[in-house]
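Reviewing the structure listed below.
The values are calculated or read from the model by the stated rules, or taken from the named source; none is laboratory data. The shown structure was predicted, so the numbers you read here are calculated from the model rather than taken from an experiment. Please note: Cβ atoms are built from the backbone with ideal geometry, for glycine as well, and neighbour counts cover all protein chains shown. All accessible areas refer to the heavy atoms of the entire protein, side chains included, with ligands and DNA or RNA removed. Shrake-Rupley method; radii C 1.70, N 1.55, O 1.52, S 1.80 Å.
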Amino acid sequence: MKKITRRSFMAAAGLTVAALALTACGGSSSTASSAAASSVASSAAASSEAASAAATELTTVEAGKLTMATNAAFPPYEMTTDAGEFEGIDIETAQAIADKLGLELQIDDMDFDAALLSVQQGKADIVMAGVTVTDERKAVMDFSDSYATGIQSIIVPEGSDIASPDDLAGKKIGTQRGTTGYIYCSDDFGDENVVAYDDGLTAVQALNNGQVDAVVIDNAPAKEFVAANPGLVILDTSYAEEDYAIGVAKGSSLKDAVNAALEELKADGTLQSIVDKYITAE
Ligand code: ARG
């Protein structure tokens, strides 16, 4: 379908930008990154030492802290409890990474598009918000290794005549501003047919009120929103498949340290147990 054509175009365009970016910011191999990289190979105890050794050489936005920009309205990756606390897969994973790096986790909650900008502007060390890796984003920031896969799903009211992604043509589509759902839909179906809301829940409420015909959003939050809103269903056919990763500033030495920590969290089962806590296998 159309999407395929557009995506290969994006890949081709991305190449040129990536090549330019490479020239612009070579030489990110610092002592910190090699220490962090070597920690992957060592035993758990030795490696957390290596990771904190790396951390002492890491420059962060605020000394001693790992500042994470997020949009805590995206369950089960990041959400805000009634008591105003942050929780979710990204929050706990970031905490585990900060622990390994010997840094205190500082969470800054903001709109999703602002969270993406925050690392680019040096206001946050990482953006962790179920962020999809795309070529366009790779042109303006660096990404860690992927820690999860995402799927763009389509939510419709029960009995809708929309049964597949192609049926979205000519419909009003609700999305969250700045997300891949917004970007793909405006590319595929035209800007004028896509409404950008502050967050996913607001888009779902608009669907409930009949202001849009469908919502395109990541599958995990889609499931939570649908469970809480009777009368809505998720189409079986997904719209796009994606990788989630942690975004850092271009050329940041944090990337290697974060990757080393992630690698350990994957290897020792911590990441999986965090995921299992929030997503029950079907
Ligand atoms: N995966 C999508 C993207 O990267 C949506 C992420 C939205 N995340 C959030 N915390 N609101 O564009």
key: Full-stretch length increase - Ser164, Asp276 - with 0.36 nm per residue and alpha-carbon distance subtracted   = 37.4 nm
ask   = How about Lys138: which lysines have a C-alpha closer than 22 Å to its C-alpha, ignoring those fewer than 8 places off in the same chain?
value = Lys3, Lys123, Lys250, Lys255
query = When the accessible area of the range 82-201 is computed with all protein chains present and a 1.4 Å probe, what percentage of it is carbon and sulfur?
reply = 45 percent
query = Rounded, prolate or oblate: which fits the range 148-246 when a ≥ b ≥ c are the square roots of the eigenvalues of the alpha-carbon gyration tensor, with rounded for a/c under 1.5 and prolate only if a/b beats b/c?
reply = rounded
message = Please report the net charge: other residues with Cβ closer than 14 Å to the Cβ of Ala249, K and R +1, D and E -1.
response = +2
ask   = Could you give the accessible area per residue of the range 103-241, probe 1.4 Å, as a whole number in Å²?
value = 40 Å²
remark   = The answer for the net charge of residues other than Ala267 whose Cβ lies under 13 angstrom from its Cβ, with Lys and Arg +1 and Asp and Glu -1, is -2
